[in-house]
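*Asks:* I'd like to ask some things about the structure below.
Values in this text are rule-based calculations from the coordinates and carry no lab data. For clarity, every value in this text was computed on a predicted model and none was experimentally measured. Every residue, glycine as well, gets a Cβ built from its backbone with ideal geometry; the counts of neighbours run over all protein chains shown.
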Amino acid sequence: MKKVIEFLFGKRQNTSTFLRIIYNVAVAFYFFSLLLLLLQAFDSGMIAPLLIGAFTFPIMFRLIYYLLLVSNQKERNRSKKVLVIFSIGIGISVIVSAIIMFVALNGENLAINTNKVTTNNKVELSIGKLKGSYEVTSFDITSSGVMTIPYEVNCKEGSLSIIVKSSTSNEVVWEDTVNNKNSGTIEFIGEEDTYTVFLKTKEAKNINLKISL
C-alpha cells in the first residue's frame, strides 16, 4: 500500500510536522472520495468522474505539496506565505473534488443501458436506469386532426411520465404518469407540426416502452 501511495502522491517529507499532516490528510481524503465515486460508478455506470478524480487529485497535490516544501525550506517559521499557499491549494483541491462528486451524484439527465429499435413506425425502447428526461422519438403531422398512438410501457421500479411536446411551441399536448405496467393510447388534437415523445422521471429502473406511430 505504501508503494501505491508514494506512486500517486510522491514520498512524504518528514522534515516538519506541518508537511506530514498535510500529506496524511490529503491521502485520507483521496481514498475516501475515491470510495464514494466507486460506489456511484457501480450504481450509475458512470466511470468518467471516477477516472477524472483518480488522476486529477494526485497531480494537483504533487504541485501544491512541492510549493509548500519549497516555501517551508526557505522559511522554517511557516510564515504567512506558506499558510496562504496552503489555503489556496487545499481550497482548489476541495472545490475540484466537490464539483466532480456533484456531477457524479446529481446529474440532471442520466440514461444507462439504453436500446432503441425502430421498425415500420414502431419504436421499442428499453432503459436500465433513467434519471431526468429522455427523448424517445419524433414524428410529423401533415394535417390537423385527432392523433391516436397506442403504447405499452413497463416500469419495474419507480414511476415515470410519458410526455408529447410540440416542437414549434414547446407546449405539452399530452402527458400521463405510469406506475409499473400500463397500456393505452396517446390521444390529442394535432396540427401541422413536428412532435416529440419524452420520458421523464425522478428515477426509474428497468423500463420497456413500445409505441406504434
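*Asks:* Within the range 136-143, can one find any residue that is of a type in the set (A, V, I, L, M) and over 21 Å from residue 111 (Cβ atoms)?
*Replies:* yes
*Asks:* Another question, then. When the range 122-170 is examined, which residues are found to be closer than 15 Å to residue 189 by Cα and of a type in the set (Asp, Glu)?
*Replies:* Of everything in the range 122-170, just one residue is closer than 15 Å to residue 189 by Cα and of a type in the set (Asp, Glu), namely 140.
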